[in-house]
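The values are calculated or read from the model by the stated rules, or taken from the named source; none is laboratory data. Bear in mind that the values here come from a model prediction, so they are computed numbers and not experimental data. Note that each Cβ is placed from the backbone with ideal geometry, even for glycine, and that neighbours are counted across all protein chains shown. Side chains included, ligands, DNA and RNA excluded: accessible areas come from the protein's heavy atoms. Shrake-Rupley method; radii C 1.70, N 1.55, O 1.52, S 1.80 Å.
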Amino acid sequence: MKISIIGVGLIGGSMALKLREKNIASFIYGIDNNIQHISDALDLKIIDAGADLEEGIKNSDLIILAIPVDAARKLLPSVLDLVSDQQTVMDAGSTKAGIVNAVKDHPKRSRFVAFHPMWGTENNGPKSAIAESFSGKAGVICNKEESAEDALNIVEQVVNALDMHMIYMDAGDHDVHTAYISHISHITSYALANTVLEKEREEETIFQLASSGFSSTVRLAKSHPEMWVPIFKQNKENVLDVLNEHISQLRKFKSALEKENYEYLEELITNANRIRGILR
């Protein structure tokens, strides 16, 4: 297929590399407001040519939106305005309900398949793209009953080519679950980084003493606000719900220490250890 990727960054670039490797893509157009991203993607042979929106869509069988979720929500209706009944549109956003609702009454709604590849890093840009990044990860397709059968089949082909295991889910349910297992992790990481930066003013000391545990915990704090503020905005109610629970859990640890209730502290840690049986 000929493919247009709107947003040639970490996710879009990684998808392009893998789809080319698997011979799914015969030609890849890159569409990006960042001219440097287009230049880098061409140099790295991630894309075959840069294009504007109309040109890329006109010449493609599949259009992939790999841009921040607020931008995808705004742009998707315009993309669907330009496609035919033989073309397929998919996104790669981390929230799904807002994007799905944005086109629920669009006459070309059936040409769109809502997709979320459950992978990402703190890096961005085409230079961070990795072909094997999605292997073994979950690829979530949402509200599949709202997509045309041929469009769904194409996206399923893409997910298989990315070596992901496919999951079908309601968009609203997806946003609840990702708030629990993804979005709260980023907020916690940002908060911990801010705590350390506030209390430990000596940057050299942080660098010298930071253990691998600390580094892995705050790794997500390196993630860019251009991506994560829109995610928190689009999934605000679910994020607030899980954030309230997280704050409640932190208070339990604080109370146990204040009251020197080390038996309760052990109970809290032992309960948390149950995650070992889930995440191996």
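If the only charges are +1 at each Lys and Arg Cβ and -1 at each Asp and Glu Cβ, what is the size of the charge dipole of the chain around the Cα centre, to the nearest 20 debye?
Values: 29 positive and 39 negative charges, 50 e Å.
Dipole size: approximately 240 debye.
Go through Lys74/Lys96; Lys96/Lys137; Lys199/Lys236; Lys199/Lys259; Lys199/Lys222 and tell me which ones have a Cα-Cα distance over 21 Å in this structure. Over 21 Å Cα-Cα: Lys199/Lys236; Lys199/Lys259.
The separation of the range 139-163 from the range 265-280, counted between C-alpha centres, amounts to 36 Å. Calculated mean residue ellipticity at 222 nm for the chain: -15500 deg cm²/dmol, from DSSP H runs with n ≥ 4 weighted as -39500 (n - 2.57), summed, divided by the residue count and rounded to 500.
Is there a quick way to get the dipole size of the range 25-173? I mean about its Cα centre, with the Cβ of Lys and Arg at +1 and of Asp and Glu at -1; what is the value in debye to the nearest 20?
Details: 12 positive and 23 negative charges, 44 e Å.
With only Lys, Arg, Asp and Glu charged at Cβ, the dipole is about 220 debye.
Normalised Debye scattering of the range 113-173 at q = 0.18, 0.25, 0.30 Å⁻¹ gives log10 I(q)/I(0) of -0.67, -1.03, -1.23, counting only Cα atoms as equal scatterers and leaving out solvent. With respect to the chain, whose longest principal axis is taken over its alpha-carbon atoms, helix 225-234 is tilted by about 90°. Over the chain, Cα pairs under 8 Å with separation of 6+ residues give a relative contact order of 17 percent.
Taking Cβ atoms as reference points and 13 Å as the exclusive limit, the residues near Thr188 contribute a net charge of 0, counting Lys and Arg as +1 and Asp and Glu as -1. Return the loop-located trypsin sites (Lys or Arg not before Pro) in the range 61-116 (DSSP other than H, G, I, E, B) with at most 12 other Cβ atoms within 10 Å of their own Cβ; answer none if there are none. For trypsin sites (Lys or Arg not before Pro) across the range 61-116 that sit outside H, G, I, E and B with at most 12 neighbouring Cβ atoms in 10 Å, the list reads Lys104.
Between Asp175, Asp43, Asp32, the residue with the greatest mean-square fluctuation in the GNM of the chain (Cα pairs under 10 Å linked by springs) is Asp43.
Residues in the range 63-68 carry Karplus couplings, in order, of 10, 10, 8, 10, 10, x Hz; the curve used is 6.51 cos²θ - 1.76 cosθ + 1.60 with θ = phi - 60°, and Gly or Pro positions show x.
The simple Förster model, with R0 at 30 Å and r as the Cβ-Cβ distance, assigns Leu53 and Asn160 a FRET efficiency of 0.60.
When its C-alpha radius of gyration is set against 2.2 N^0.38 Å (N residues), the range 19-111 gives a value of 1.10. Taking the average, over residues, of other Cβ atoms within 10 Å as the packing measure, peptides 154-162, 191-199 rank 154-162, 191-199 from highest down.
Carbon and sulfur together cover what percent of the accessible area of the chain at a 1.4 Å probe radius? That fraction is 52 percent. Of Asp105, Asp150, Asp241, the residue with the greatest mean-square motion in the GNM of the chain, using alpha carbon springs below 10 Å, is Asp105.
Just need the Rg to Rh number for the chain, please, alpha carbons only, Kirkwood Rh. On the Cα set of the chain, Rg over Rh gives 1.03. GNM on the chain, alpha-carbon springs under 10 angstrom: the most fluctuating residue among Val229, Val176, Val239 is Val229. The alpha-carbon atoms of the range 152-280, seen along their principal axes, cover 57, 36, 30 angstrom, with the largest extent given first.
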